[in-house]
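Have a look at the structure below, then the notes.
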Amino acid sequence: MESNVKSSRIGGFHKLGIPQRVAAVAGFAGLDEAEQSHLLNTGNLPSATADRLIENFIGTMNIPMGIATNMKIDGRDRLIPMATEESSVVAAVCNAARQCYDSGGFITSMSGSLMIAQIQLVDVSDPQHARIEILERKEQIRELCDACDPILVKLGGGFRDLEVRVIETRGGVMVITHLVVDTRDAMGANAVNTMAEKIAPMIAAWTNGRTSLRILSNLADRRLARARCVWRTADIGGEAVRDAMLAAYHFADADPYRAATHNKGIMNGIDAVVLATGNDTRAVEAGAHAYAARKGHYGSLTSWEITASGDLAGVIEVPMAVGLIGGATKLHPTAKSALKILDVRSADELARIIAAVGLAQNFSAMKALATTGIQKGHMALHSQNIAMMAGAVGEEIDTLASLLVDKGTVRLDVAEAELKRLRAH
Ligand code: MEV
């Protein structure tokens, strides 16, 4: 009798052609012809490119990309591509930007483009001594690091500093070396990881210890993107709105339960631009949340105050490890178009724009939450999704969506019943 236990042990899966991989998965999961050909339709990302980006590739997952309008950053108007599956995210940025456009928009800056690679040293009997021994070799380490990436050095980047920390852990004392490297227009993971792997054996030899992990830190706190903006109280609905928004910020900065959601909203905007430009959303997320917790408690990535003239001033400061070269930024055709729309010349410029988007997103979320609540705006778009899920097509989508909003119940069961009624007429 044939066993119906399915096995995930598919030897040589990666060696199969893409259609054969899809067929193997279809056999496992019972995908029909239509589902298989859907997977094989990779849209505007050629399958040959996608197959080189990841392993065991079988299809693409398309996410809508929209444009945030109204953004004025450092005196220059920008159109900002945002890739997100969530409704209201693009609209939120457009709205926030419209309300500060006439008062000057966003001003941005950057702390630098330094990334840190960590080398973990364990089994050292004299960690303080080891620390100084490593620090003494700074110039030697500089030469070795720079020799790993002559192109980076030619472009003005390369090794910048050496830090060595002695930390107490559950497993004993460790000596952690930081290579601080200017990675210019690259996100920098490859560059700094190569350097860390090169230096590690020498650190082990100099100290008689044992090196283990050699990897960049995503807490990119030497690569902080900053943006600030003042919204005139008259442009945002008056003092009551301003004060309610300020109280929303105070709530977030004091309470991690609220801060997580507050920062999630900021990351809605940030991730959408990071993704549209083919950058690493997880690296940026990890850096942002670690930075938000740097004071020992998890707080807000933004801060808000009232200016002397009574207006609402917002600032954001967030690690932003993004690049213009390497990985999907150069290979994904949509990322290439997104970068062209943004018209950025450096990773620094891109990082600063992304910070401004995060601030704009936070403004809109706080304003909506402190006034009408977010459901009203959300429901308008959400109702369209629900209408489509209920099976509405063409003009039915808008008709059914408005009907659901008017009724105040945007639910699938209600949508299905209403669609039946519409079609019966
Ligand atoms: C929803 O994706 C994001 C918000 O929850 C952010 C916030 O609460 O500040 C609206």
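The values are calculated or read from the model by the stated rules, or taken from the named source; none is laboratory data. Fair warning: this is a prediction, and the values are worked out from it, not measured in the lab. Here the Cβ positions follow ideal geometry from the backbone for every residue, glycine too, while neighbour counts run over all protein chains shown.
In the stretch 1-53, which helices (runs of 4 or more DSSP H) lie fully inside it and hold 3 or more residues that are out of contact with any helix residue (DSSP H, G or I) (no Cβ under 8 Å at 6 or more places or on another chain)? Break it down into steps so the answer makes sense when it comes.
Working: elements: 18-29, 33-40, 47-53.
Filter on the stretch 1-53 gives 18-29, 33-40.
Across the stretch 93-109, the qualifying residues are those that are over 17 Å from the mean Cα position of the chain (by Cα) and aliphatic (A, V, I, L, M), and the one among them that is surrounded by the fewest Cβ atoms within 10 Å (Cβ to Cβ) is ILE107. The residues on offer are ALA189, ALA227, ALA196, ALA200, and the sole one that is among the small types (Gly, Ala, Ser) and either in the same structural domain as LEU350 (by TED's automatic domain parsing) or without any contact (Cβ under 8 Å) to a residue 24 or more places away in the chain (or both) is ALA227. Could you go through the stretch 381-394 and let me know if any residue there is over 29 Å from PRO46 (Cα atoms), modelled with pLDDT under 90 and within 16 Å of the ligand (Cβ to nearest atom). Yes - at least one qualifying residue is present in the stretch 381-394.
Against the definition (in contact (Cβ under 8 Å) with a residue 40 or more places away in the chain, within 16 Å of THR334 (Cβ to Cβ) and not polar (S, T, N, Q)), how does MET61 come out, yes or no?
Values: in contact (Cβ under 8 Å) with a residue 40 or more places away in the chain: no; within 16 Å of THR334 (Cβ to Cβ): yes; not polar (S, T, N, Q): yes.
Considered against the rule, which asks whether it is in contact (Cβ under 8 Å) with a residue 40 or more places away in the chain, within 16 Å of THR334 (Cβ to Cβ) and not polar (S, T, N, Q), MET61 comes out as no.
Screening the stretch 354-380 for residues that are of a type in the set (S, T, N, Q) and within 16 Å of GLU86 (Cβ to Cβ) and picking the one that is farthest from the ligand (Cβ to nearest atom) gives GLN375.
Residues in the stretch 201-260 that are more than 29 Å from the chain's Cα centre (by Cα) and surrounded by 20 or more Cβ atoms within 10 Å (Cβ to Cβ): ILE203, THR207, GLY209, THR211.
The set of residues in the stretch 271-283 being assigned to a helix (DSSP H, G or I) and within 17 Å of SER346 (Cβ to Cβ) consists of VAL273, VAL274.
Residue-wise test of (1) closer than 21 Å to ALA365 by Cα; (2) within 16 Å of the ligand (Cβ to nearest atom); (3) of a type outside the set (Val, Ile, Thr).
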position	(1), (2), (3)
MET267	yes, yes, yes
VAL284	yes, no, no
ARG294	no, no, yes
VAL318	yes, yes, no
LEU324	no, no, yes
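Scan (1) within 16 Å of the ligand (Cβ to nearest atom); (2) free of Cβ contacts under 8 Å to residues at least 40 places away in the same chain; (3) of a type in the set (D, E, K, R) for the single condition LYS72 breaks and write down its number. Every listed condition holds for LYS72 apart from (1). Taken across the stretch 383-397, residues that are of a type outside the set (A, V, I, L, M, F, W, C), surrounded by 19 or more Cβ atoms within 10 Å (Cβ to Cβ) and within 30 Å of GLY287 (Cβ to Cβ) do not occur at all. Considered as a group, the residues in the stretch 232-245 that are in contact with a Leu (Cβ under 7 Å, 6 or more places away or on another chain) and in a helix (DSSP H, G or I) include one that is nearest to the ligand (Cβ to nearest atom), and that residue is MET245.
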